[in-house]
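> Please find one structure pasted underneath; my questions will follow.
Read-outs: derived from the displayed coordinates by stated rules, not from any lab. Not measured: the values here are computed from a predicted model. So basically every Cβ, Gly included, is an ideal-geometry build from the backbone, and we count neighbours across all protein chains shown.
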Amino acid sequence: MRAFIFDLDGIIVDTAKYHFKSWRIISKNFGFELLETQNELLKGLSREESLERILSWAEISIDEFERKKCLEKKNELYKGFINNLSQMDILPGVIKLINFAALKGIPIALGSASKNAHQILKKLGIENKFKVIIDGNSTSKSKPHPEVFLKGAQILGINPEQVIVFEDSIAGVNAANKAKMVSVGICKGGKIENARFNFNSLDDIPLEFFENLI
Ligand code: B16
Ligand code: MG
């Protein structure tokens with residue numbers, strides 16, 4: 001293993017709950033109640049794709065102008081929720097893993113669907129730890145398409161098969177598998193189907209796990 005690619009929302013910081021909160025408000029405006037089980041399927045999807053899913057579940061069709069307004073509103077709500085993020089919000093195990101990678105000379109990249117990724121990493125104070133940042137602004141295809149991870153590996157100059165991806169979403173794990181990378185699913189009290197390995201949190205991964213893979 002020669003590189004790590006981290007997803008952002010749900011792996012580095014618990015912003016997944018803010019996406020859910022924002023989408024619930026948008027859904028309520030359509031008279032639709034977004035369930036937690038449905039939200040699981042939205043994780044890792046782009047903002048636009050998420051709205052498409054919600055509209056199809058709600059069996060609602062809106063025109064392009066309304067769609068644009070919904071996307072803007074969703075981001076406005078989300079930005080309000082993440083406004084006060086700080087170093088304190090970095091999830092357990094992230095810094096340990098970043099330090100381990102630095103010690104072993106393993107480059108790390110970010111592979112996120114979010115267009116807010118740079119802003120969030122800045123707030124957390126760890127933007128400079130990533131050699132490469134691929135986000136929703138640098139990709140055209142949403143997870144489960146592997147583009148985001150393949151781009152990351154390509155810029156790092158590492159063979160995809162030698163990359164470990166940390167993901168909290170079904171779409172993201174499928175994207176990593178399609179890229180032929182080693183997918184590590186992070187899911188508290190459960191498992192992400194199709195993930196090559198599963199852990200409750202990044203903090204639960206023993207460093208020997210990486211020593212063995214390296
Ligand atoms: P934004 P990740 C994804 O981030 C989220 O999981 C997903 O829920 C969200 O819709 C997507 O980013 C787009 O985010 O609205 O900020 O552009 O998990 O791939 O880091
Ligand atoms: Mg995620």
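> In percent, what relative contact order does the chain have, based on Cα pairs under 8 Å that are 6 or more apart in sequence? Working shown, then result.
Numbers: 351 pairs, mean separation 57.0, N = 214.
With pairs under 8 Å counted, the relative contact order is 27 percent.
> With Cβ to Cβ distances under 14 Å as the rule, what net charge do the other residues near residue 79 carry (K, R +1; D, E -1)?
Working: positive: 21, 47, 73, 74, 115, 122, 123; negative: 9, 72, 76.
With Lys, Arg at +1 and Asp, Glu at -1, the net is +4.
> Sticking with this one: For segment 16-82, what is one quarter of the convex hull surface built on the Cα atoms, given in nm²? Could you put the intermediate results ahead of the total?
On the way: hull surface 15.8 nm².
Orientation-averaged projected area of the Cα hull: 4.0 nm².
> Between residue 36 and residue 67, what is the label-to-label distance in nm when each label sits 7 Å out along the Cα-to-Cβ direction?
Here the modelled spin labels are 3.2 nm apart.
> Still on this structure, I have one more. If we count every other residue with Cβ under 9 angstrom of residue 34's Cβ, Lys/Arg +1 and Asp/Glu -1, where does the sum land?
0
> Right, something else. How large is log10 I(q)/I(0) at q = 0.12, 0.14, 0.16, 0.18 Å⁻¹ when the Debye formula is applied to the Cα atoms of the chain, each weighted equally and without solvent?
-0.60, -0.81, -1.05, -1.31
> What percent does the relative contact order of segment 16-82 come to when contacts are Cα pairs within less than 8 Å and at least six residues apart?
On the way: 31 pairs, mean separation 31.3, N = 67.
Once divided by the residue count of segment 16-82, the mean separation gives 47 percent.
> Looking only at segment 1-40, which residues have a backbone nitrogen under 19 Å from a spot 7 Å from the Cα of residue 60 in the C-beta direction?
19-40
> Under a Cβ-Cβ cut-off of 11 Å, what is the net charge of the residues other than residue 7 that fall near it, where Lys and Arg count +1 and Asp and Glu count -1? Mind dumping the intermediate values first?
Working: positive: 43, 143; negative: 9, 135, 167, 168.
For residues surrounding residue 7, the net value is -2.
> List the residues whose amide H sits under 5 Å from the amide H of residue 115, counting only those 5 or more places along or on another chain, with H placed 1.01 Å from N in the peptide plane.
Answer set, sorted by chain and number: 136.
> Go through 108-116, 148-156, 193-201 and give me the packing order, highest mean Cβ count within 10 Å leading.
On the way: 108-116: 24.2, 148-156: 22.4, 193-201: 16.0.
With the highest mean Cβ count within 10 Å placed first, the list reads 108-116, 148-156, 193-201.
> Oh, and also: Treating the beta-carbon of each Lys and Arg as +1 and of each Asp and Glu as -1, no other charges, what is the dipole magnitude of the chain about its Cα centre, to the nearest 20 debye? Don't jump to the answer; show the numbers that get you there.
Working: 29 positive and 27 negative charges, 85 e Å.
In debye, rounded to 20, the chain gives about 420.
> Sum -39500 (n - 2.57) across every DSSP H segment of at least 4 residues in the chain, then divide by the residue count to get the 222 nm mean residue ellipticity, nearest 500. Provide the component values of the computation, followed by the final result.
Numbers: 9 runs with 97 residues, N = 214.
Here the helix-only value at 222 nm equals -13500 deg cm²/dmol.
> Between residue 209 and residue 79, 0.36 nm times their residue separation minus their Cα-Cα distance comes to what? Provide the component values of the computation, followed by the final result.
Details: separation 130, 0.36 × 130 = 46.80 nm, distance 3.60 nm.
Extra length from residue 209 to residue 79 when fully extended: 43.2 nm.
> Answer rounded, prolate or oblate for segment 60-158, using the Cα gyration tensor with square roots of eigenvalues a ≥ b ≥ c: rounded when a/c is under 1.5, else prolate when a/b is larger than b/c, else oblate. Please report the intermediate quantities before stating the final value.
Details: a/c = 3.20, a/b = 1.51, b/c = 2.12.
Taking the square roots of the gyration eigenvalues as a ≥ b ≥ c, segment 60-158 is oblate.
> Just check segment 94-214 against the gyration tensor rule for me: Cα atoms, a ≥ b ≥ c as the square roots of the eigenvalues, rounded for a/c under 1.5, and otherwise prolate or oblate depending on whether a/b exceeds b/c. Let's see the in-between values first.
Values: a/c = 1.29, a/b = 1.09, b/c = 1.18.
Rounded.
> Turning to a different aspect of this structure: Just in segment 24-111: which GluC sites (Glu not before Pro) are loop by DSSP and have at most 12 other Cβ atoms within 10 Å? Numbers along the way, then the final one.
Working: sites: 33, 36, 40, 48, 49, 52, 59, 64, 66, 72, 76; in loops: 33, 59.
Passing sites in segment 24-111 are 33, 59.
> While we're looking at this one, here's another question. Write out the chymotrypsin sites (Phe, Trp or Tyr not before Pro) in segment 11-98 meeting two conditions: DSSP loop, and at most 16 other Cβ atoms within 10 Å of their Cβ. Write out the running numbers ahead of the final one.
Numbers: sites: 18, 20, 23, 30, 32, 57, 65, 78, 81; in loops: 30, 32.
Sparse-neighbourhood loop chymotrypsin sites (Phe, Trp or Tyr not before Pro): 30.
> Give the calculated FRET efficiency between residue 145 and residue 52 to the nearest 0.05, with a Förster radius of 25 Å applied to their Cβ-Cβ distance. Present the calculation step by step, with values, prior to reporting the outcome.
On the way: r = 15 Å, r/R0 = 0.59.
After rounding to 0.05, the efficiency reads 0.95.
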